[in-house]
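Below you'll find the structure, written out as structure tokens, and then a few comments.
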Amino acid sequence: MKIFKTWLAIVGLLAAFILVAPAPAQAAPFCGITWGSLAKTAGTDSSASITNVRAGQHSCFDRLVVDVNGPASGYTVSYVSAVHSQGSGAVVPLRGGAFLSVNVKAVTYNVNTGAATYSPANPKELVNTTGYATFRQVAFAGSFEGITTLGLGVRARLPFRVFVLAGPGSSTRFVIDVAHRW
């Protein structure tokens, strides 16, 4: 009887431990980022034109900004095996372990006069990404029939988000953030 009570006490303690033991913790996402790495598409065509491409570093992600001189909302951004130049279809060489094709529905010239609104000094290096945690290279891949393509070389296939900001004034900014890690 004494052995039975001892076993009963042990089983009771084990049952109590199992019932009150906390569930294994889920790993929290890096910086709360839940963006994913699938293609992002939104918006419509625009007659506005691109005036600048710039980048910045943040604690959780690297940011690419495409400045447009009017209202615009259309884009498609996706991971691809290679970014291709508009017109020739040639592969745009990019540094990095993964490549984002950034297609903005705006051109780099004035649609009425044909004058350039954005003419980078070095189309292979639109911005200096030296020291960036994620970005490796930003290159110009062409502007044709209302769409401008940029190639964004990144360290690896990582989560990204795309959004459009209005302003200042009547301008628009396309923002592409790529996380430093999952």
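The values are calculated or read from the model by the stated rules, or taken from the named source; none is laboratory data. This structure is a prediction, so every number in the text was calculated from the model and none was measured. Cβ: placed from backbone, ideal geometry, glycine included. Neighbour counts: every protein chain shown. Keep in mind that these areas ignore ligands, DNA and RNA; they rest on the heavy atoms of the full protein, side chains included. Shrake-Rupley method; radii C 1.70, N 1.55, O 1.52, S 1.80 Å.
Each residue in the stretch 37-62 was checked for being open to solvent by less than 50 Å² (accessible area, probe 1.4 Å) and within 16 Å of the chain's Cα centre (by Cα), and 9 pass. Filtered by the rule that a residue be of a type outside the set (A, V, I, L, M), open to solvent by 40 Å² or more (accessible area, probe 1.4 Å) and in a strand (DSSP E or B), the stretch 78-100 gives His84, Phe99. Just the residues that are over 22 Å from the mean Cα position of the chain (by Cα) and in a loop (DSSP other than H, G, I, E, B), please, taken from the stretch 101-117. Asn110, Val111, Asn112, Thr113, Gly114, Ala115, Thr117, listed by residue number. Taken over the stretch 153-178, residues that are touching a residue at least 40 places away in the same chain (Cβ under 8 Å) and either outside any strand (DSSP E or B) or over 9 Å from the mean Cα position of the chain (by Cα) (or both) amount to 14. Among the residues of the stretch 37-73, those identified as of a type in the set (Gly, Ala, Ser) and touching a Phe, Trp or Tyr at 6+ places or on another chain (Cβ under 8 Å) are Ser37, Ala39, Ala42, Gly43, Ser49, Ala55, Ala72. Taking the stretch 86-108 as the range and being touching a Ser or Thr at 6+ places or on another chain (Cβ under 8 Å) and modelled with pLDDT of 95 or more as the test, the residues that pass are Val91, Val92, Phe99, Leu100, Ser101, Val102, Asn103, Val104, Lys105, Ala106, Val107, Thr108.
For the stretch 24-43, the condition holds for at least one residue, the condition being that it is at pLDDT 70 or above, in contact with a Cys (Cβ under 6 Å, 6 or more places away or on another chain) and of a type outside the set (Asp, Glu).
Arg63 meets each of the listed conditions (1) farther than 27 Å from Cys31 by Cα; (2) out of contact with any Ser or Thr (no Cβ under 7 Å at 6 or more places or on another chain) apart from (1). So which residues in the stretch 133-155 are open to solvent by 30 Å² or more (accessible area, probe 1.4 Å) and of a type outside the set (Lys, Arg), if there are any at all? Of everything in the stretch 133-155, those that are open to solvent by 30 Å² or more (accessible area, probe 1.4 Å) and of a type outside the set (Lys, Arg) turn out to be Ala133, Phe140, Phe144, Glu145, Ile147.
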